[in-house]
Amino acid sequence: MKLMQPLEVISAYPPHDGTLAGLLASRIAAAPEREFLVFGARRWTYAQFGAAVERAAALFHARGVRPGDRIGIVSANHPTTVMALFALARLGAIMVPVNPDYGVEEARYVLAHAAVSGVICAPAALAVVREACRGMAPAPWFMLNESGELPDVETELARVTAPAPDRACKTDGTCLFIYTSGTTGFPKGVMHGQKSLVLAGEGFVERMALQPQERILCILPLFHINAVHYSLCGALAAGAAFILVPKFSASSFWKTVAETGATEVTTIAAVTSILLRRPRSEFVPGHGLRKIYGAPLTPETLEVFGREFGVPHLIEGYGMSEIPGVLNNPFDGPHKVGSMGQPSRHPDPAVELAQTRIVADDGNEVPDGETGELEVKTPIVMQGYYRDPEQTAAAFHDGWFRTGDLVRRDADGFHWFVARKKDIIRKRGENISGAELDRIIGLHPGVQEAAAIAVPAELGEDEILVAVVRRPGARVSARDIAQWCRDRLAAIKVPRYVAFVDALPHTPTLRVAKFKLKADATLLARAEDLAAPRS
């Protein structure tokens with residue numbers, strides 16, 4: 001079968017108005033009976049999904065949801081999350097997905113900051129959600145995404161009789177908040193409009209040469225841009241199938257790939273590293289997986305997935321919650337292993353996506369080959385941080401988004417990551433605020449001061465090391481610190497290493513000089529590894 005060029009793919013459907021509803025209607029008009037959403041044994045064609053979205057929009061409207069309202073989603077990946085995104089956007093409302101592993105305090109901050117008027121959650125998350133929302137005024141309504149002690153979405157959808165109201169969605173209407181950690185220690189609500197999601201999906205068609213017959217497997221969580229902007233919106237833009245699983249499972253990955261007929265998957269470094277080291281007995285020969293998007297990719301990853309696992313196309317790229325899909329290695333080459341790639345393109349050459357520049361501290365551009373901060377200008381950009389005009393203003397420089405990443409560009413226009421300027425720890429695809437860990441651990445009665453830094457992980461990205469100064473006379477142990485974090489934070493934020501020190505280095509303005517901690521080669525060696533087996 002002759003492959004279609006990206007522009008041919010998106011041109012095979014009727015024009016749309018740049019909204020999620022318009023994009024979905026365009027695909028329904030061309031291929032109503034084509035499979036769109038797959039979740040286990042359940043299937044929705046494009047037409048069936050569109051009908052479900054209309055019923056969900058009517059249900060939410062009956063619950064009082066109006067344009068601009070925020071609705072929290074606290075769950076592992078589930079079909080109702082996908083339906084909610086489109087149904088809320090159809091009403092001009094906003095989906096606020098929340099990590100279901102959050103503890104009460106983390107969930108409370110996000111749900112209260114977003115001022116959600118309702119929450120859809122998994123039964124397992126209901127107790128945390130209830131406690132997190134205690135005292136909110138007005139109190140949000142609750143609904144489950146599966147059967148349980150409260151009404152659930154599917155049962156309520158079956159009762160819908162009234163139609164959804166006239167469309168309220170607009171191209172520039174905010175439809176999604178993604179909460180991402182910042183250096184302030186509190187998550188920031190990254191606001192995205194419908195245009196951002198639509199353009200990102202179309203851009204992903206170009207980036208991965210997606211075809212209408214593609215079957216796109218989503219193993220990453222729907223509270224991340226990877227799953228929403230790339231996998232979900234990419235599938236929709238291509239008119240392809242979107243295969244959703246609750247969460248990534250290394251042991252069943254290849255079985256899932258084979259059974260679902262998946263042809264493409266988006267990953268993070270930890271996923272590919274784990275799969276490289278899994279027992280080969282889990283591999284299923286004869287699968288149809290042909291494309292993987294993820295970063296960073298190592299020569300070992302490319303070799304093993306290409307030669308041993310039979311996946312011919314591994315594409316590396318770069319994006320952030322604020323600016324999805326900025327850079328990528330071209331699908332048809334040339335490829336430079338370890339590179340962030342070149343500015344991403346839209347299938348239609350008349351639509352300009354990412355522009356990049358690399359600047360010194362004085363704001364002037366640096367020559368190719370020199371290191372500076374990457375700044376980006378793109379239509380796939382956040383509308384700002386919710387209720388945080390100061391951080392929003394600080395994130396831009398003359399209309400360019402300041403990434404906080406130190407990068408160099410070579411003579412061929414490929415970008416290479418050097419280091420992070422921000423106090424962010426990147427662990428298994430999550431951005432973890434070092435400042436948040438400093439604050440939480442500093443509340444321990446036995447701790448005088450604490451500083452969290454990133455150290456290299458075996459599987460790529462980072463592990464968390466915390467340097468702790470005990471209060472005089474305190475007998476707090478490394479495992480006490482870990483348990484303190486475990487009781488208050490998501491499991492992914494629990495430090496692996498704890499090093500007790502007599503004092504932390506400080507700058508003249510009395511901030512902890514984390515760059516000095518990172519430069520101390522003995523710190524990791526002195527730290528207790530909480531992942532090591534007990535003797």
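Of the strands (runs of 3 or more DSSP E) contained entirely in the stretch 239-324, those carrying at least 1 residues that are surrounded by 14 or more Cβ atoms within 10 Å (Cβ to Cβ), basic (Lys, Arg) and at pLDDT 95 or above fall at 291-293.
When ARG428 is tested against (1) within 20 Å of GLN355 (Cβ to Cβ); (2) touching a helix residue (DSSP H, G or I) at 6+ places or on another chain (Cβ under 8 Å); (3) of a type in the set (Lys, Arg), only condition (1) is not met.
Output yes when any residue across the stretch 503-520 is surrounded by fewer than 17 Cβ atoms within 10 Å (Cβ to Cβ) and in contact with a helix residue (DSSP H, G or I) (Cβ under 8 Å, 6 or more places away or on another chain), and no when none is. Break it down stepwise before answering.
Pass one, the stretch 503-520, residues surrounded by fewer than 17 Cβ atoms within 10 Å (Cβ to Cβ): 503, 505-511, 513, 515-516, 518-520.
Next, from what is left, pick out any that are in contact with a helix residue (DSSP H, G or I) (Cβ under 8 Å, 6 or more places away or on another chain): 505.
Looking for residues that are surrounded by fewer than 17 Cβ atoms within 10 Å (Cβ to Cβ) and in contact with a helix residue (DSSP H, G or I) (Cβ under 8 Å, 6 or more places away or on another chain), one finds at least one in the stretch 503-520, hence yes.
Tallying residues that are crowded, with 24+ Cβ neighbours inside 10 Å, assigned to a helix (DSSP H, G or I) and within 12 Å of the chain's Cα centre (by Cα) within the stretch 196-231 yields 5. Would you say LEU524 is under 28 Å from LEU276 (Cβ atoms), touching a strand residue (DSSP E or B) at 6+ places or on another chain (Cβ under 8 Å) and hydrophobic (A, V, I, L, M, F, W, C)? When the stated conditions are applied, LEU524 passes them. Only residues that are in contact (Cβ under 8 Å) with a residue 60 or more places away in the chain and buried (at least 20 other Cβ atoms within 10 Å of the Cβ) were counted across the stretch 455-466, and they come to 2.
Considering the stretch 388-424 alone, what residues qualify as being of a type in the set (Gly, Ala, Ser), exposed (fewer than 12 other Cβ atoms within 10 Å of the Cβ) and not in a loop (DSSP other than H, G, I, E, B)? Steps first, answer last, please.
Keep residues of the stretch 388-424 that are of a type in the set (Gly, Ala, Ser), which gives 393-395, 399, 404, 411, 413, 419.
Applying the additional criterion that residues be exposed (fewer than 12 other Cβ atoms within 10 Å of the Cβ) yields 393-394, 399, 411, 419.
ALA393, ALA394, ALA419, listed by residue number.
Residues of the stretch 53-100 that are more than 18 Å from CYS218 (Cβ to Cβ), in contact with a helix residue (DSSP H, G or I) (Cβ under 6 Å, 6 or more places away or on another chain) and of a type outside the set (A, V, I, L, M, F, W, C): ARG55, ARG70, GLY72, ARG90. Just one of the listed residues (ALA482, ALA499, ALA490, ALA527) is surrounded by 13 or more Cβ atoms within 10 Å (Cβ to Cβ), in contact with a helix residue (DSSP H, G or I) (Cβ under 7 Å, 6 or more places away or on another chain) and either at pLDDT 95 or above or under 25 Å from ALA419 (Cβ atoms) (or both), and it is ALA499. Among residues of the stretch 26-61 being surrounded by fewer than 17 Cβ atoms within 10 Å (Cβ to Cβ) and hydrophobic (A, V, I, L, M, F, W, C), the one that is nearest to LYS247 (Cα to Cα) is ALA41.
Within the stretch 86-101, take every residue that is assigned to a loop (DSSP other than H, G, I, E, B) and surrounded by 24 or more Cβ atoms within 10 Å (Cβ to Cβ) and give me the one that is nearest to the chain's Cα centre (by Cα). Please lay out each step first, then the result.
To start, the set of residues in the stretch 86-101 that are assigned to a loop (DSSP other than H, G, I, E, B) comprises 91-93, 99-101.
Okay, now just the ones that are also surrounded by 24 or more Cβ atoms within 10 Å (Cβ to Cβ), so 91, 93.
Values: LEU91: 24, ALA93: 20 Å.
The extreme case among them is ALA93.
Does GLU54 qualify as being closer than 24 Å to ILE492 by Cβ, in a helix (DSSP H, G or I) and assigned by TED's automatic domain parsing to the domain that holds GLY189? Taking the combined requirement at face value, the residue does not satisfy it.
The values are calculated or read from the model by the stated rules, or taken from the named source; none is laboratory data. For clarity, every value in this text was computed on a predicted model and none was experimentally measured. Glycine also receives a Cβ, built like all others from the backbone with ideal geometry; neighbour counts cover every protein chain displayed.
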